[in-house]
């Protein structure tokens, strides 16, 4: 038997040998939650400029095919559809995430797997197992990155390897083809060095941000290229100077990391969420009665741009004061999702000026395992309201995800289509192939 010298070869072997029926029921249910949450994020973002631009480019670039561009009339090749759906799902920062990865695996892996699944008839358990495997690899690779070499934690750096792993489990290339696809996706990943939220550039308010859609497309392209003889540096993951695997996925594959995926209640950077929930924990406060708000949190929350007067939706997604002001004035629904209207609301910008941010060393020491915040509200009467203990972002259950989808669907798709999607994503009767048919129906507000 040929010795599997390289990490990518051993990993490819594990991916291909993992039996879909071995996936535990709890992990299968979590994968289904990830699918529905990603569909919800896509529906929220399908009509914003980033998604419109992506679709316009896709129609000029990609071949027509059988993969639906969700909530539109269009069908494209798997790479084209996945590119469009990933862009819509990731642009509003409403997509799922994982603390160990410090990023968003779902808006790459779910669109890619569902697009690839239109090429042949795959069972729902097989599709959900592929998604869980994609999360496992993507998260483990992200956690293994040596920051002094990569200089960024952005999702685009590692999402493509998750796409290759998930879709490779579906389409079954041979081991060396899959190893090469992993290598191609890894070496072609965007460097993200200028990403404004954690890179050297100061301009956070742009749609390029995390690089998720381009990595999604690269992953599918890498898989197809490897199947027709294209090669990559298959020793990509062998170097401890760049990757230190605490989760040795090349030794055994037990896709359980997806279980710790978190889902978002608000369409903004997750570093902001603890402060929002800490404020809400203080009860209903009349905004006019507030003199100042002090937010104590971890260092990365203060490293965001935090513009008091954001000019774009992306700027707003990375501003703790602006998001907290929006919530205080208009309630949590104004961030679920965030809309263009808030940018022209002068009351929000004025209220944001009342908010001060500081690092709390005790909170900072618990990051990234925990993301916490404490809020202190000083009223005009000099009364002070504050959290007794630091607050973490609230978790969303399967029921919460379905309610999130219902809220987003209201006014965007018909009630019958909403029920159809929820029915196909029901844990007891889920059918991903029927879900694909439902997602091919247009939203009322989408264009091409």
query = What number of residues within the stretch 199-232 satisfy the criterion of being touching a residue at least 12 places away in the same chain (Cβ under 8 Å) and either farther than 15 Å from residue 154 by Cα or not in a loop (DSSP other than H, G, I, E, B) (or both)?
reply = 21
message = Tell me the residue from 324, 302 that is crowded, with 20+ Cβ neighbours inside 10 Å, touching a residue at least 24 places away in the same chain (Cβ under 8 Å) and more than 13 Å from residue 267 (Cβ to Cβ), please.
response = 324
task = Of all residues in the stretch 234-271, count the ones that are touching a strand residue (DSSP E or B) at 6+ places or on another chain (Cβ under 9 Å) and either over 30 Å from residue 7 (Cβ atoms) or not in a loop (DSSP other than H, G, I, E, B) (or both).
result = 9
Filter result for residue 16 (in a helix (DSSP H, G or I), farther than 25 Å from residue 395 by Cα and over 24 Å from the mean Cα position of the chain (by Cα)) = yes
message = Between 121, 126, 169, which is in a loop (DSSP other than H, G, I, E, B), farther than 18 Å from residue 212 by Cβ and in contact (Cβ under 8 Å) with a residue 24 or more places away in the chain?
response = 121
query = Of the numbered conditions (1) closer than 23 Å to residue 313 by Cα; (2) out of contact with any strand residue (DSSP E or B) (no Cβ under 6 Å at 6 or more places or on another chain); (3) assigned by TED's automatic domain parsing to the domain that holds residue 274; (4) not in a loop (DSSP other than H, G, I, E, B), residue 362 satisfies every one except a single condition; which is it?
reply = (1)
ask   = Has the stretch 281-296 got any residue that is within 20 Å of the chain's Cα centre (by Cα) and either surrounded by 21 or more Cβ atoms within 10 Å (Cβ to Cβ) or farther than 22 Å from residue 209 by Cα (or both)?
value = no
inquiry  = Checking residue 384 against (1) touching a strand residue (DSSP E or B) at 6+ places or on another chain (Cβ under 7 Å); (2) in contact (Cβ under 8 Å) with a residue 60 or more places away in the chain, only one condition comes out false. Which one?
reply    = (2)
note = Across (1) more than 24 Å from the chain's Cα centre (by Cα); (2) crowded, with 19+ Cβ neighbours inside 10 Å; (3) at pLDDT 95 or above, residue 263 clears everything bar (1)
message = When you check residue 247 against the structure, is it free of Cβ contacts under 8 Å to residues at least 60 places away in the same chain and on the phi < 0 side of the Ramachandran plot, yes or no?
response = no
query = With 278, 325, 291, 334 as the choices, which residue is in a helix (DSSP H, G or I), at pLDDT 95 or above and farther than 24 Å from residue 204 by Cα?
reply = 278
inquiry  = For the stretch 311-322, give me the residue count where each residue is modelled with pLDDT of 95 or more and not in a helix (DSSP H, G or I).
reply    = 1
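Here's the yes/no breakdown for (1) out of contact with any strand residue (DSSP E or B) (no Cβ under 7 Å at 6 or more places or on another chain); (2) in a helix (DSSP H, G or I); (3) within 24 Å of residue 181 (Cα to Cα); (4) not assigned by TED's automatic domain parsing to the domain that holds residue 117:
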| site | (1), (2), (3), (4) |
| --- | --- |
| 28 | yes, yes, no, no |
| 32 | yes, yes, no, no |
| 41 | yes, yes, no, no |
| 59 | yes, yes, no, no |
| 83 | yes, yes, yes, no |
| 93 | yes, no, no, no |
| 101 | yes, no, yes, no |
message = Looking only at the stretch 196-212, how many residues end up being modelled with pLDDT under 80 and closer than 25 Å to residue 239 by Cβ?
response = 2
ask   = Of 440, 349, 373, which residue is within 21 Å of residue 295 (Cβ to Cβ), in contact with a strand residue (DSSP E or B) (Cβ under 8 Å, 6 or more places away or on another chain) and modelled with pLDDT of 95 or more?
value = 373
message = Tell me which helices (runs of 4 or more DSSP H) are completely within the stretch 373-448 and hold 1 or more residues being in the same structural domain as residue 124 (by TED's automatic domain parsing) and loosely packed, with under 13 Cβ neighbours inside 10 Å, or say none if there are none.
response = none
task = Quickly run through the stretch 394-442 and pick out the residues that are without any contact (Cβ under 8 Å) to a residue 24 or more places away in the chain, closer than 15 Å to residue 333 by Cα and touching a helix residue (DSSP H, G or I) at 6+ places or on another chain (Cβ under 9 Å).
result = 406, 410
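The values are calculated or read from the model by the stated rules, or taken from the named source; none is laboratory data. For clarity, every value in this text was computed on a predicted model and none was experimentally measured. Quick reminder, even Gly has a Cβ in these numbers, built from the backbone with ideal geometry, and neighbours come from all protein chains shown.
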